[in-house]
């Protein structure tokens with residue numbers, strides 16, 4: 001049985017430092033070229049003649065990985081040929097993006113990808129577009145949407161892109177051609193091209209992780225009895241950036257009348273309260289009770305700390321202490337199962353997953369996973385207990401994992417980022433007393449910081465110094 005530091009509730013714990021003068025880091029031309037070459041290599045390994053990559057506003061990570069943009073409110077296709085030819089199929093309002101894309105290619109106007117009732121006159125069908133680009137002569141065509149269908153084995157598909165596009169591809173392809181789901185080329189948790197990041201990409205994504213943790217800490221500090229959810233919710237957006245999830249500022253019972261968004265509902269003492277926000281590169285989330293101390297806990301949750309908070313925080317500490325390069329996903333999964341048994345604590349998702357342009361990309365952590373943790377991965381701590389009759393608890397944040405070579409690159413190329421990483425590590429190891437391997441690089445400011453009593457701003461969980 002693994003042993004873990006004894007944890008306790010510290011009534012005089014300083015909050016972590018935040019960084020408000022952090023600005024977006026653009027991806028370099030070198031990074032974009034590396035991405036393209038990684039995809040071409042993946043195509044060759046899978047013997048794919050073409051890749052057809054779908055995108056819309058909600059499902060654009062794989063498209064944006066190569067192009068640098070998303071089609072916003074329209075649909076789009078990016079077609080790659082193994083001989084390096086690139087084609088864009090764009091709707092009315094994205095044609096202009098052809099002059100800004102990070103991956104030059106031939107642009108084809110597809111009016112049917114546009115918004116309802118916009119001009120859609122076109123003499124060219126999708127079938128004929130595919131044929132003109134040579135897909136009718138291909139042996140293997142990879143279709144890329146956004147989802148891995150784990151546990152499903154099929155020679156073709158299943159596909160998670162619109163039916164009319166799949167049908168057009170099938171009509172235009174030769175009868176013996178294979179159409180295969182190629183999402184794993186991008187996000188497969190073992191060899192997907194997107195699952196690891198270079199120094200430039202980590203700097204790019206740290207901006208969002210820093211921002212989301214700033215927002216969460218500001219929102220936590222604003223919680224007071226009789227404030228409305230919307231008064232707290234205003235802290236969950238920042239810098240004009242687009243959220244990667246629906247921001248949550250919910251007091252008391254959530255989802256009343258199927259509502260997902262902050263309302264004018266007032267915070268009451270004893271309420272459960274949930275906070276979540278996320279931007280590209282990082283999500284932060286917190287759940288606790290609107291009380292000042294243990295004496296104010298609801299009558300039916302007087303043992304809330306021992307029943308939910310302490311076991312959960314112990315699991316977070318174990319996760320942070322044990323995650324390292326080359327450990328397998330099944331080992332991390334079993335670690336959490338050991339310290340926080342699923343049957344007793346009701347968690348159901350992967351205890352930790354990869355993040356990037358989208359909040360949840362994929363996860364190498366699941367039962368029986370032989371996938372090994374790799375340098376360059378960006379993880380979100382995501383362990384969600386659900387104990388009947390008790391308010392939940394959460395401390396979701398983001399870290400990167402990096403070998404010595406990657407750490408040196410970050411230090412040399414992004415000294416400001418490296419300084420923030422070292423200061424975050426110092427807070428975690430010297431204030432929260434959670435030991436970390438050298439490979440763990442906190443990208444969020446609030447990693448390991450958990451206030452179970454939301455009216456008490458100076459009380460938070462930590463480990464004993466010894």
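Arrange the following residues from fewest to most other Cβ atoms within 10 Å of their Cβ: 44, 85.
Details: 44 10, 85 13.
Ordered by Cβ neighbours within 10 Å, fewest first: 44, 85.
Given R₀ = 35 Å, FRET efficiency for residue 139-residue 72 by Cβ-Cβ distance, to 0.05? Kindly include the intermediate steps, with their values, before the conclusion.
Working: r = 34 Å, r/R0 = 0.98.
Efficiency, rounded to the nearest 0.05: 0.55.
Could you order peptides 338-351, 252-265, 282-295, 45-58 by the average number of other Cβ atoms within 10 Å of their residues, highest first?
Packing proxy ranking, top to bottom: 282-295, 45-58, 338-351, 252-265.
For the stretch 47-181, what's the relative contact order in percent, using C-alpha pairs closer than 8 Å and at least 6 residues apart? Before the final figure, lay out each step's value.
On the way: 240 pairs, mean separation 33.5, N = 135.
That works out to 25 percent.
Given the convex hull over the Cα atoms of the stretch 47-181, what projected area results after averaging over all orientations, in nm²? Please list the in-between numbers first.
Details: hull surface 32.6 nm².
One quarter of the hull surface, i.e. the mean projection, equals 8.1 nm².
If I model a spin label at residue 118 and residue 221 as a point 7 Å from the Cα along the Cα→Cβ vector, what separation in nanometres do I get?
Distance between label points: 4.2 nm.
Can you tell me the length gained on complete extension of the stretch residue 343 to residue 426, counting 0.36 nm per residue apart and subtracting the Cα distance?
Contour length minus the Cα-Cα distance gives 26.4 nm.
Would you mind calculating the relative contact order of the stretch 266-370 from Cα pairs under 8 angstrom and at least 6 residues apart, reporting the percent as a whole number?
Numbers: 119 pairs, mean separation 27.2, N = 105.
Relative contact order comes out at 26 percent.
Note down the relative contact order for the chain as a percent, whole number, built from C-alpha pairs under 8 angstrom at least six residues apart. Display every interim value, and only then the final one.
Working: 964 pairs, mean separation 76.1, N = 466.
The value is 16 percent.
Helix 415-430 sits at what angle to the longest principal axis of the chain, using alpha carbons and giving 0 to 90 degrees rounded to 10?
It is inclined by approximately 40 degrees.
When a footprinting reagent is the concern and you count Cβ atoms within 10 Å, what order do 267, 108 take, fewest first?
Details: 267 22, 108 17.
Starting with the residue having the fewest Cβ neighbours, the order is 108, 267.
May I ask for the angle, rounded to the nearest 10°, between helix 199-222 and the longest principal axis of the chain, with both axes built from Cα atoms and the value confined to 0 to 90°?
40 degrees
Kindly express, to the nearest 10 degrees and within the range 0 to 90, the angle between helix 404-413's C-alpha long axis and the longest C-alpha principal axis of the chain.
80 degrees
Rounded to two decimal places and with Rh computed the Kirkwood way over Cα pairs, what is Rg over Rh for the stretch 340-426?
Details: Rg = 16.0 Å, Rh = 15.1 Å.
Ratio value, two decimals: 1.06.
Normalise the Cα radius of gyration of the stretch 204-310 by 2.2 N^0.38 Å (N = residues in it) and let me know the number. List each step's numbers first, then the result.
Values: Rg = 14.5 Å, N = 107, 2.2 N^0.38 = 13.0 Å.
Its radius of gyration relative to the 2.2 N^0.38 Å reference: 1.12.
Have a look at the DSSP beta bridges in the chain and tell me what percent are antiparallel, nearest 5. Please list the in-between numbers first.
Numbers: 41 of 54 bridges.
Counting only bridges with both partners in the chain, antiparallel ones make up about 75 percent.
Rounded to whole Å and ordered largest first, report the semi-axes of the equivalent ellipsoid of the chain derived from its Cα gyration tensor (root of 5λ). Mind dumping the intermediate values first?
Working: eigenvalues 351, 117, 89 Å².
They are 42, 24, 21 Å, listed largest first.
Values quoted throughout were computed directly from the atomic coordinates according to the rules given, and no laboratory measurement underlies them. These numbers come from a predicted model, not from an experiment. So basically every Cβ, Gly included, is an ideal-geometry build from the backbone, and we count neighbours across all protein chains shown.
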